[in-house]
Amino acid sequence: MIELKDVSLRYGKSVALNQISLQIPAKSYVIIEGPSGAGKSSLLRLLASFEIPTKGEVTVTGKAMSKLSRAARSHYRRSVGYIGNDVILLPNRSCFENVALPMRIAGNSNEEIQARVSAALTRVGLAKASKFLPSVLSGGEQQRVAIARAIVNRPAVLLADEPTAQLDGLAADKIAQLFREFNQANVTILVATHDAERFKGWTHRMKLNAGKLELFDAKGDAL
Ligand code: ADP
């Protein structure tokens, strides 16, 4: 369960999130919509703990983020997968090594890395691309490598910031299908998108506008 209580986030004078309160039950699949500049990325970055709220409190599974120790915060970061809309892969490393990166940082053993990276690449349909450099893959395939990297630590929560913005319809559908499968495997998913219809199976739909939030369930009822 993720809870925001009266959360605001400012960048200098710019108000990115304005007094947002919401509860997201575990295993939800949340679509975040809103025009450019509405605060979608800010909300995801906050939940990834890349940002600290200017005001209010973010609570995850009963723990207030502001009260976490540095070690607990790092642990939390590893339990969350984050996918940006700009796919950033290391160009001179194989797909395998790109996916392995968070596990190497976390100090996992080579055996574990071998097993989990292979499983993650298989999960996104790219087992055969393991040894390739990212540059030989299509944009959609590169995004799937980034997704494999985000799920390699088996996160309970997956945050995706316009993950299909740069992709054609077919490639975007494959990503949406993966998210559906992850959610069916009990991963909580939040995805910011201008293309909600593509992400079938969502349980909640949020609209942000100038840092303010409206929340709806799958029937369109306000929550
Ligand atoms: P969205 O993802 O919906 O396009 P953002 O969360 O990126 O919206 O931005 C929300 C507001 O916060 C915008 O007014 C934006 O200009 C501002 N903002 C976002 N990031 C920064 C930053 N690093 N520095 C200054 N202002 C920012």
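The values are calculated or read from the model by the stated rules, or taken from the named source; none is laboratory data. Not measured: the values here are computed from a predicted model. Reconstructed Cβ throughout: ideal geometry from the backbone, glycine too, with neighbour counts over all protein chains shown. All accessible areas refer to the heavy atoms of the entire protein, side chains included, with ligands and DNA or RNA removed. Shrake-Rupley method; radii C 1.70, N 1.55, O 1.52, S 1.80 Å.
What to note about this one:
- Checklist (1) surrounded by fewer than 22 Cβ atoms within 10 Å (Cβ to Cβ); (2) on the phi < 0 side of the Ramachandran plot applied to ILE32, failing item: (1)
- The number of residues in region 190-203 being open to solvent by 10 Å² or more (accessible area, probe 1.4 Å) and under 14 Å from the mean Cα position of the chain (by Cα) comes to 0.
- Among the candidates LYS219, LYS207, residue that is in contact (Cβ under 8 Å) with a residue 12 or more places away in the chain, open to solvent by 50 Å² or more (accessible area, probe 1.4 Å), under 30 Å from ASN18 (Cβ atoms) and out of contact with any helix residue (DSSP H, G or I) (no Cβ under 7 Å at 6 or more places or on another chain): LYS207
- Contact annotation: residue pairs with Cβ atoms under 7 Å, 6 or more positions apart or on different chains, pairing a residue in region 44-64 that is in the same structural domain as ALA192 (by TED's automatic domain parsing) with a partner that is more than 16 Å from the ligand (Cβ to nearest atom) and in a loop (DSSP other than H, G, I, E, B), are THR61/MET1.
- Test for ARG116: is it surrounded by fewer than 15 Cβ atoms within 10 Å (Cβ to Cβ) and not assigned by TED's automatic domain parsing to the domain that holds ALA171: no
- Those strands (runs of 3 or more DSSP E) of region 1-114 in which 3 or more residues are more than 15 Å from the ligand (Cβ to nearest atom) and more than 24 Å from THR164 (Cα to Cα) occupy 2-11, 14-24, 55-60.
- Restricting attention to region 73-87, the residues being among the aliphatic types (A, V, I, L, M) and within 11 Å of the chain's Cα centre (by Cα) number 2.
Conditions tested, residue by residue: (1) in contact (Cβ under 8 Å) with a residue 12 or more places away in the chain; (2) not hydrophobic (A, V, I, L, M, F, W, C).
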| site | (1), (2) |
| --- | --- |
| PRO155 | yes, yes |
| ASP161 | yes, yes |
| GLN177 | no, yes |
| VAL191 | yes, no |
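- Cβ-Cβ contacts under 8 Å between residues 6 or more apart (or on different chains), taken from a first residue in region 24-40 that is within 25 Å of ALA185 (Cβ to Cβ) to a second residue that is part of a loop (DSSP other than H, G, I, E, B) and within 16 Å of the ligand (Cβ to nearest atom), are listed as ILE31/THR193; ILE32/THR193; GLU33/THR193; GLU33/HIS194; LYS40/GLY34; LYS40/GLU162.
- VAL99 being in the same structural domain as LEU190 (by TED's automatic domain parsing), in contact (Cβ under 8 Å) with a residue 12 or more places away in the chain and of a type in the set (Val, Ile, Thr): no
- Verdict on VAL187 being under 17 Å from the mean Cα position of the chain (by Cα), among the hydrophobic types (A, V, I, L, M, F, W, C) and open to solvent by 10 Å² or more (accessible area, probe 1.4 Å): yes
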